[in-house]
């Protein structure tokens, strides 16, 4: 399953334009979600800490997962096939509005605001995969199932996490923030500089491997292992050979 997905992604890479400022690095996909007001507790107060999840999730068709909500935000960037994103209400602020399905094609980013009833699916013809970011209230469940009669019937085909890593108890930034996603292709031994900024960064090689140099220390980045670059910290990621990297930055403020 994983081999088929990476092979399909390889077809996308032929069409991708290289990142001119960083030799050997190609930006395959990018997208962002602005979380207005930040992540909040159920009573509306700001969350004192975050649970951060980074995952590439792949399914075949037919697939429809259980409808659910999150105590936090979800930001997905599609990277292969077409992900069908179902919402119980077309307009989140209008409970009487009809359900809707958003087809997320390659590179499209879909934002699910905190508490919105939704689910993901694959109606074919082939596999889909997306980079999914969950930024949740510390200590909340990953999701909260909802029995909605308008939801698509449950089905699951070829479901697999290419990788899935959790980082609990992350120190939040106050107020509005932006979840910025990128899928990057590395040429052999290419180096990707990460400048010091107010962003909190999460980086995962999901094909290939590399190293992360930060504060004078070099750490191995095995396939599927997510490493964190703290705020106000410069770092460099170098590929051991050709590779693919999922990069997520939590950036203070609104940056659509």
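Points worth noting:
- The set of residues from region 132-158 being surrounded by fewer than 17 Cβ atoms within 10 Å (Cβ to Cβ) and assigned to a strand (DSSP E or B) comprises 144, 145, 155.
- Subset of region 196-221 that is under 28 Å from residue 172 (Cβ atoms) and free of Cβ contacts under 8 Å to residues at least 24 places away in the same chain - its residue that is surrounded by the most Cβ atoms within 10 Å (Cβ to Cβ): 221
- Of note, residue 244 satisfies the criterion of being surrounded by 13 or more Cβ atoms within 10 Å (Cβ to Cβ), in contact with a helix residue (DSSP H, G or I) (Cβ under 9 Å, 6 or more places away or on another chain) and at pLDDT 95 or above.
- Filter result for the condition that a residue is surrounded by 17 or more Cβ atoms within 10 Å (Cβ to Cβ) and free of Cβ contacts under 8 Å to residues at least 40 places away in the same chain, over 104, 73: 104
- Only one of 98, 88, 61 that is at pLDDT 95 or above, crowded, with 20+ Cβ neighbours inside 10 Å, closer than 23 Å to residue 155 by Cα and over 19 Å from the mean Cα position of the chain (by Cα): 88
- Residue within region 175-188 that is more than 27 Å from residue 237 (Cβ to Cβ), out of contact with any strand residue (DSSP E or B) (no Cβ under 7 Å at 6 or more places or on another chain) and touching a residue at least 12 places away in the same chain (Cβ under 8 Å) present: yes
- Qualifying residue in region 40-48 (condition: in contact with a helix residue (DSSP H, G or I) (Cβ under 7 Å, 6 or more places away or on another chain), over 22 Å from residue 228 (Cβ atoms) and either buried (at least 19 other Cβ atoms within 10 Å of the Cβ) or at pLDDT below 95 (or both)): no
- Hey, residue 126 more than 18 Å from the chain's Cα centre (by Cα), within 30 Å of residue 230 (Cβ to Cβ) and surrounded by fewer than 16 Cβ atoms within 10 Å (Cβ to Cβ) or not: no
The values are calculated or read from the model by the stated rules, or taken from the named source; none is laboratory data. As the structure is a computational prediction, the values presented were derived from the model and not from experiment. Heads up, the Cβs are rebuilt from the backbone with ideal geometry, glycines too, and the neighbour counts pull from every protein chain shown.
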